[in-house]
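Taking it in order: structure first as structure tokens, then the write-up.
The values are calculated or read from the model by the stated rules, or taken from the named source; none is laboratory data. Please read all numbers here as calculations on a predicted model, not as lab measurements. Cβ sites come from the backbone with ideal geometry, for glycine too, and all protein chains shown count toward neighbours. In case anyone asks, the SASA skips ligands and DNA or RNA and just uses the protein heavy atoms, side chains included. Shrake-Rupley method; radii C 1.70, N 1.55, O 1.52, S 1.80 Å.
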Amino acid sequence: MPHGLIVPGRPPRPSSQQRSGPELQEECGLFGVFGHPQAALLSYLGLFALQHRGQESAGIAVWDGEYLDCEKGMGLVGEVFERAEVAAWPGSAAVGHVRYPTCGSSDPVNAQPLVVRTFPGTLALAHNGELTDAGRWRADLEQKGAIFQTTSDTEVIAHLVSRSGRNEAGEALLDALGQVHGGFAVVVLSEGELFCARDPNGIRPLSIGRLGDAWLVASETCAIDSIGGEFVRDVEQGELVSIGEYGIRSAQFAAPGRPALCAFEYIYFARPDSDVQGKNVHQVRKELGRRLVRAFPVDADLVTGVPDSSVSAAIGYAEESGLPNEIGLIKNRYIGRTFIEPTQEGRELAVRLKLNPLRQVVKGQRVVLVDDSIVRGTTSRHIVGLLRQAGAAEVHLRITSPPYRCPCFYGIDTSSSAELIAARKSVEEIRQAVDADTLAYQTLSELTGALGYRADQLCLSCFNGDYPVPPPEGATSGEGRGGRQGGLFSGS
Ligand code: AMP
């Protein structure tokens, strides 16, 4: 296979300017393997389990003892890679990445892993999250002559590694990661070692597992399970883990800050079969549903969750309320999030193809509709409308998280707060905007209670504006990334 090949998959999606409205950024998914003869195949399978974290591009880099090769392209894992080809790809260490970019950065050049030839050797970097100081670093490095090939802030790490003056990749990574700030998880493959690290606040998750004698690293434990591996532990805050022929080593690139795992991992991003920091996502979501019943009871006939992210919460709601948990909406899983239509008519059809109400279930019924979040309000308005068209007598919307008021600076481009409906409107105004009969959000204390953390152990900044890492210079919570930078730097 040619080295460093970028395989064109589907053509890139239209830029944000061409789209009807900005897409929300999903998380990215990381998967690493060390010490297995089929490292590429395992990465490919692991990425399938992480596909929900990013559907824009997929990539795998492999070390075969002589070369560090990388293939990546736009599209889903199954679109970018042929299983038979991946299975024939030699090498015992690999790193894989699935990505969903910020607005305007839907460019094949930003697909990861990012392969770079640095002073300490060739590296393949895969990154989930965002560096809050990427803009400052980039300006600084460019002024000193650095030439950037991508608009991804992952490249900042590559430049800092190369400029560290260290000739061992692990030493150089310790140095580079110690200089950047933000919410991030990284997995890096070098010529013979696999590294993984988590930001000092642990905002983004990253877990280590084993498969026989091989080591695995994954954004979520569901990917470790899916290939038959065993969870070992989570990467710690500010920790750089090195895996090589010597085994596994740990070092701190920065002292741990206050713990600040992203609460949205539990609420929306992670798969229900993942354990995030030892807590099962399905169980947590069920508890979120239960607490909504106790705090905001309502007379109704049935409960239904918006598939897929709110199915667990609806089960909890039904258990606590005694209402039947019904399938009120069917999601067509074969239409990717990348299904973009240029016309309004086409978009409406696409949305309708994706989600269809079960008329026989909801007709004449008072429906409790459980969803995980309202960001811009378009989804809720659409779904409430679908249920009404299908004959629902009442629609009571219950949101498992508090109002999403502030932009995220740690890898989820919720754009500017101007686009966040809860930043502009009261709960009653939102209820009217989405046309629900009643609307209730989870309170912050019920959220932290359900998650089993104290408020100062989580990142809740999208709800309360309390940022564990200072936002980028010049950014205000009123501006957000989209407004500030127009998507110049993409989180991953
Ligand atoms: P909207 O209110 O239309 O902007 O979309 C909210 C819906 O998108 C919710 O039902 C969530 O399930 C989902 N969602 C929340 N956050 C994100 C995100 N960062 N990326 C993609 N979808 C999201």
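The table below gives the values:
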read-out	value
Ranked packing of 131-140, 294-303, most packed first, by mean Cβ within 10 Å	131-140, 294-303
For the stretch 182-194, 3J(HN,Hα) per residue [Karplus equation, 6.51 cos²θ - 1.76 cosθ + 1.60, θ = phi - 60°, Hz, x = Gly/Pro]	x, x, 8, 10, 10, 10, 10, 9, 10, 7, x, 9, 10
Within the accessible area of the chain (1.4 Å probe), percent carbon and sulfur	50
Set of the stretch 263-288 residues, backbone N closer than 16 Å to the point 7 Å along the Cα-Cβ line of T443	288
Net charge dipole size for the stretch 274-453 [Lys, Arg +1 and Asp, Glu -1 on Cβ; Debye, nearest 20]	180
Selection from V311, I157, N110 lying farthest towards where the dipole of the chain points positive, charges on Cβ	V311
Farthest positive-ward along the chain dipole, Cα basis, beta-carbon charges - from I412, I399, V284	I399
Calculated FRET efficiency for the pair A295/F148, C-beta based, R₀ 35 Å, to 0.05	0.10
Built amide H within the under 5 Å cut-off of N201, gap 5+	G238, G257
Relative packing of 144-154, 200-210, 442-452, which averages over residues the other C-beta atoms within 10 Å, highest first	200-210, 442-452, 144-154
Segment V109-D140, extension gain: residue separation times 0.36 nm, minus the distance between their alpha carbons	9.0 nm
Helix-only mean residue ellipticity at 222 nm for the chain, each DSSP H run of n ≥ 4 adding -39500 (n - 2.57), per residue, nearest 500	-7500 deg cm²/dmol
Rounded Å value of the spacing that divides the Cα centres of the stretch 38-59 and the stretch 401-448	31
Spread of Cα-to-Cα distances over 20 Å intervals beginning at zero, given as percent, for the chain	25, 57, 18, 1
Label point distance in nm, D308-T378, each placed 7 Å from Cα along Cα→Cβ	2.2
Stretch gain in nm, segment Q389-E82, where the contour uses 0.36 nm per residue and the Cα spacing is subtracted	106.3 nm
Dipole magnitude of the chain, debye to nearest 20 (Cβ charges: Lys/Arg +1, Asp/Glu -1, about Cα centre)	1180
Mean Cβ neighbour count within 10 Å, used as a protection proxy, ranking 64-76, 85-97, 398-410 highest first	398-410, 85-97, 64-76
Cross-link pairs beyond the 30 Å C-alpha cut-off, checked among K72/K425; K72/K354; K279/K425; K286/K331; K354/K425	K72/K425; K279/K425
Nonlocal amide H pairs with L329, under 5 Å, H built at 1.01 Å	L358
